[in-house]
Amino acid sequence: MPADQQRLRRSHIPRPKPGIVHLGLGAFFRAFGAVYVEDAVRVSGGDWGIIGVSLQSAGTRDALAPQDFVYWTVTQGADGSETFRKVEILHDVLVAPEDPEAVLAQMADPAIRIVTLTVTEKGYCHDPATGKLNLGHPDIVHDLQQAMPRSAPGFLVRALQRRRAAGHPPFTVLTCDNLPENGRLVRSIVLEFARHIDASLAAWIEAEGRFPSTMVDRITPATKQEDIQRLAQKTGIRDEAPVLCEPFRQWVVEDDFVPAYGANAHPDLVAAGVELVADVTPYEHMKLRMLNGTHSSLAYLGYLAGHETIADTVSDPVFAAFVQRLWGQEIIPSFEAPEGVELADYAGALFERYSNPAIRHRTWQIAMDGSQKLPQRILGTIADNLEAGRKSPGLMLAVAAWMRYVGGTDERGEPIDVKDPLAGRLRGLSDAAGTPDEKVAALLGVREIFEAGLAAQMAEPVRRSYELLCRVGARRAVEEIL
Ligand code: CS2
C-alpha cells in the first residue's frame, strides 16, 4: 500500500451484536442485504450484526479482516457520479472449509435468528428442472454421511439439528438467490436432506421452521482489481474489497418468520425500504423473467456477437430492439403483474438500468452457470407461452445461443471459458454429436435442465434458431427475428 494511503477503518463502536449468519458472502449480498439490514438497525436498532460465511475460499475474509470487516459500496450513476457508503454491519467472516465446526456453532447460537443465503443457484445442490435435492451430488453424498458439512443444505440441516437438540427454536432461512419460489424450494431441499438423517428432525423443521420466499434485485458486477486501484487513487483510502453497484435496489420478502422470536424475529426491514408481502410469486415472476431472463438472453447472444458488457450489448440498436421485443411480445404476456405495477414501466426502467455505462457487467459473468439458470429465467416463460399458443422466437434463439456458447467455441473460432457445473458434460454432448441438429437434440436431452415434454415442443424452433446462428452469426440472427 503506498505510504499516502490509509486503510479503511470502523467508525462506530459499539456495534449491534450478531443476529444473522449469512452463507455465501459475495459482492451481491454485501451491496444488498447487508445494506438493508444496516439501514434497518440505523432506524430502529436491534442486535442484527451479520457474521458472513464463505463456503469455498478464504479470499473475502483475507481482504476484509485487516480492515475489521468494514468496506465501501460504490454506487455508480448513469451520469458518471459515484456515491460512497461505508458498511459496518459485518462482524466477522468464517471460512467453512477451514473450520466447519465454527460455522455450525455460530449457526446453532440462539442469538442467531436468521440465516440468509446467496450461495448461487448451484449451491443448493438440486436438480434445476425438478427442484429436487440431487442425492448423487458429491457434497450431498458427503454431508449425509459426515456430521461436518460442506454444502449449504448440509450446514442448514446440521445447525437446525443442534438447535433442536439444545431446545432452541430454529432460525428463519432467508434465501436471496434467483430461484423460482426460492423459499419453498429451499424448504423442500432442507426437508428432504433432513429426512435422510432423522425423520423426527424433518418433522420438527416442517412444523417450526420458516422459509420466506424473496425477490432480490440490485445489479452488482464482480469487483475487478482495477476498481480497487482506481478507488484507492481517487480517495486516498485503500479498501481491498469494495463493491460496485447500481443505484437501484428492491427487496420483496414474504412476511413469514419463525414465530417463537416474536417481534425480534427480524430487523425493521420495512423501515429500510423492504416490501413485506403475503405472496412474493408475482414479484418473483416479474423479476426472474423480465430481468434475469433478458440478462441471460443478452449475455449469450451478446457474447457471441462480441459484446463485452450488457451496457455495450444494449447500446447496439439491434439488441436494444431485441430486448424490447422480448419484453413486449414474449415475456410480459406470460405472467400476471404484481398489484399496482405497470410492466411496461418496469421494462422501461430495466432498459435504463442496462444502459448505465458505469456498470461494467460482463456478458461472460452472466453467462456463467446457464444450466442452473435457464429453467427459471427462460424455460418457464417458453412453457407458459406454448400452453397459451404464443410463439417465443426470441427466447428460442436465446436457448440456441446458450447451446452455441456451451459448445465452447465462439463465432471467430476462439475458445470460450465456459463456467458451469455441467460444463464438461455439455461440451462432451456437443462435441460427440455430428451435425448441428444432433447437437441440439443431445443438449435438449439433458433432463436436469429440460423436462421431456417441454424439450419435445422446443425441438423444432430451437433447431431452426441454432441453424440460423451457425449460418449468419448472432447479430444477424437477432436482426432476422425482428
Ligand atoms: C445476473 C444477476 O449474473 C446474473 O446471472 O442476471 O446477478 C442480476 O444482475 C441480478 O439478479 C440483479 O438483481
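Annotation: of all residues in segment 228-253 being of a type in the set (D, E, K, R) and open to solvent by 20 Å² or more (accessible area, probe 1.4 Å), the one that is nearest to the ligand (Cβ to nearest atom) is 249. Restricted to segment 57-137, the set of strands (runs of 3 or more DSSP E) holding at least 2 residues that are open to solvent by 40 Å² or more (accessible area, probe 1.4 Å) comprises 82-87.
Residue by residue, here is whether (1) within 16 Å of the ligand (Cβ to nearest atom); (2) assigned to a helix (DSSP H, G or I); (3) open to solvent by less than 60 Å² (accessible area, probe 1.4 Å); (4) modelled with pLDDT under 95 holds:
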site	(1), (2), (3), (4)
374	yes, yes, yes, no
377	yes, yes, yes, no
382	no, yes, yes, no
386	no, yes, yes, no
396	no, yes, yes, no
404	no, yes, yes, no
441	no, yes, no, no
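When each of 170, 180 is tested for being in a loop (DSSP other than H, G, I, E, B), within 16 Å of the ligand (Cβ to nearest atom) and either surrounded by 23 or more Cβ atoms within 10 Å (Cβ to Cβ) or touching a residue at least 40 places away in the same chain (Cβ under 8 Å) (or both), the lone residue that passes is 180. Comparison of 194, 260 shows that the only residue that is surrounded by fewer than 17 Cβ atoms within 10 Å (Cβ to Cβ), modelled with pLDDT of 95 or more and not in a loop (DSSP other than H, G, I, E, B) is 260. For segment 293-304, a tally of residues being in contact with a strand residue (DSSP E or B) (Cβ under 9 Å, 6 or more places away or on another chain) and within 11 Å of the ligand (Cβ to nearest atom) returns 1.
The single condition among (1) among the aliphatic types (A, V, I, L, M); (2) open to solvent by 40 Å² or more (accessible area, probe 1.4 Å); (3) within 16 Å of the ligand (Cβ to nearest atom) that residue 286 does not meet is (2). Find the residue count for segment 317-341, including only residues that are open to solvent by 10 Å² or more (accessible area, probe 1.4 Å) and either touching a Gly at 6+ places or on another chain (Cβ under 9 Å) or in a helix (DSSP H, G or I) (or both). The total comes to 12. Taking residue 21, is it aliphatic (A, V, I, L, M), more than 16 Å from the ligand (Cβ to nearest atom) and touching a helix residue (DSSP H, G or I) at 6+ places or on another chain (Cβ under 6 Å)? Against the criterion (aliphatic (A, V, I, L, M), more than 16 Å from the ligand (Cβ to nearest atom) and touching a helix residue (DSSP H, G or I) at 6+ places or on another chain (Cβ under 6 Å)), residue 21 qualifies.
The values are calculated or read from the model by the stated rules, or taken from the named source; none is laboratory data. Since the model is a prediction, treat every value here as computed from it, not as a measurement. Ideal geometry is used to build each Cβ from the backbone, glycine not excepted, and the neighbour counts take in all protein chains shown. Only protein heavy atoms, including side chains, enter the accessible area calculation; ligands, DNA and RNA are left aside. Shrake-Rupley method; radii C 1.70, N 1.55, O 1.52, S 1.80 Å.
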